[in-house]
Every structure is written in structure tokens, then in C-alpha cells.
1. Which condition breaks for residue 8 when tested against (1) farther than 30 Å from residue 128 by Cβ; (2) assigned to a strand (DSSP E or B)?
2. Quick one: would you say residue 22 is within 21 Å of the chain's Cα centre (by Cα) and either open to solvent by less than 50 Å² (accessible area, probe 1.4 Å) or of a type in the set (Phe, Trp, Tyr) (or both)?
3. Any residue at all in the range 22-45 that is in a loop (DSSP other than H, G, I, E, B), in contact (Cβ under 8 Å) with a residue 12 or more places away in the chain and hydroxyl-bearing (Ser, Thr, Tyr)?
4. For the range 76-117, enumerate the residues that are open to solvent by 80 Å² or more (accessible area, probe 1.4 Å) and either of a type outside the set (Asp, Glu) or part of a loop (DSSP other than H, G, I, E, B) (or both).
5. Mind listing whichever residues of the range 69-128 are hydrophobic (A, V, I, L, M, F, W, C) and touching a Phe, Trp or Tyr at 6+ places or on another chain (Cβ under 7 Å)?
6. Residue check: is residue 51 open to solvent by 90 Å² or more (accessible area, probe 1.4 Å), within 12 Å of the chain's Cα centre (by Cα) and at negative phi?
7. Residues in the range 120-169 that are in a loop (DSSP other than H, G, I, E, B), of a type in the set (Asp, Glu) and more than 30 Å from residue 79 (Cα to Cα): how many?
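The values are calculated or read from the model by the stated rules, or taken from the named source; none is laboratory data. Note that the structure is predicted; figures quoted are calculated from it, not measured. Glycine gets a Cβ as well: all are built from the backbone with ideal geometry, and neighbour counts include every protein chain shown. Side chains included, ligands, DNA and RNA excluded: accessible areas come from the protein's heavy atoms. Shrake-Rupley method; radii C 1.70, N 1.55, O 1.52, S 1.80 Å.
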Amino acid sequence: MKIQLSKIISVPKYEETVEASIDLNEIKLKGVSYPIREKNDFSIVFRNIGKDKISFAFETEVTLGIPCSRCLEEVSYPVSMQVTKELDFSDLDEEDSSYIEDKYLDLDILIFDEVVPKLPSRVLCKEDCKGICNRCGANLNKGFCDCDTAVPDPRMSKILDVFNQFKEV
């Protein structure tokens, strides 16, 4: 969603509340896509605070679907945002210019910029998640698989290689 800022910038002491919504359906980061499962409409309060200066503030929350780090099942992860910004259009810095273009506020880019730093490095579906079998890929939280889980003694590796060479197919 893009919001026109021209009137807010040009009219002294002007204040406006805008109803906004998030158009994003997913957050893409480093080749991984996190779907947005829940998003709410919210209000943004804009104020003219001086010559070519505005401020805006809003609060919202999105819920992302993030895969569990062990079993890859999707976990709902809520991200709350409380954003308060002041912008000086006579001197926009590089950080602000990512979501401001020609006196328009690109809300989706701003939301993306707010969500990404809040993403966790690991998410678990539950503390005692058993993960997946490293041989067949079965989710061990749903039951055990029939894979051989015995770890061979590394000192016997040469003998096992001989047996595996002559194993019948």
C-alpha cells in the first residue's frame, strides 16, 4: 500500500489518520519465503511537525509461518510492531529513502524493514521436538521410523566396507 504524503508535508500543523492495510503476502529473505498467515488493518497517525517535516506512528501485528528448525513443521510466529518515525524531506537519510519515494510512503517496504530484524534465528514447534530422521526424513514427532539407528564403530569401517562390497543386491 502506498500513501500520498504531499498534503501532510505542505500544510502546516496538519494532522490526518489513515486506515491502512498490508498488501504483502510473504516475507522473502535469503531465498526463503515466510508466508504471512494473519495481518490486521490498522490506523496511521500523520502529523506535519515543521517545514518539510512529518511524523507518523502506528501499531500492528503480523503472524508468519516459519518452519521448525528441527522437524520443518510450520510454526505460527507473531511479530508485533510499534513504529514511530520522523522524516525531514529536505534531508532524507538512506534508511528512510528505502520506503519513501516521490512523497509516497510505501507501507509494504516499511513493514518488511520492521519485520526482518525481529525474525528469530531458530524456531521450535515445541521444546522437546525430536526432529526428522536423518536417513528417511520421517517426522519423529509423529512416530518412529524403521531405520537402523545404530552408529557403527569407526574403527570397524574398513571391515564394513568389505562386507558392503560383497552384499547381495
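1. Among (1) farther than 30 Å from residue 128 by Cβ; (2) assigned to a strand (DSSP E or B), residue 8 violates only (2).
2. Answer is yes for this residue.
3. no
4. Those that are open to solvent by 80 Å² or more (accessible area, probe 1.4 Å) and either of a type outside the set (Asp, Glu) or part of a loop (DSSP other than H, G, I, E, B) (or both): 76, 82, 84, 90, 91, 102, 103, 104, 117.
5. 83, 105, 109, 110, 123
6. Answer is no for this residue.
7. The total comes to 4.
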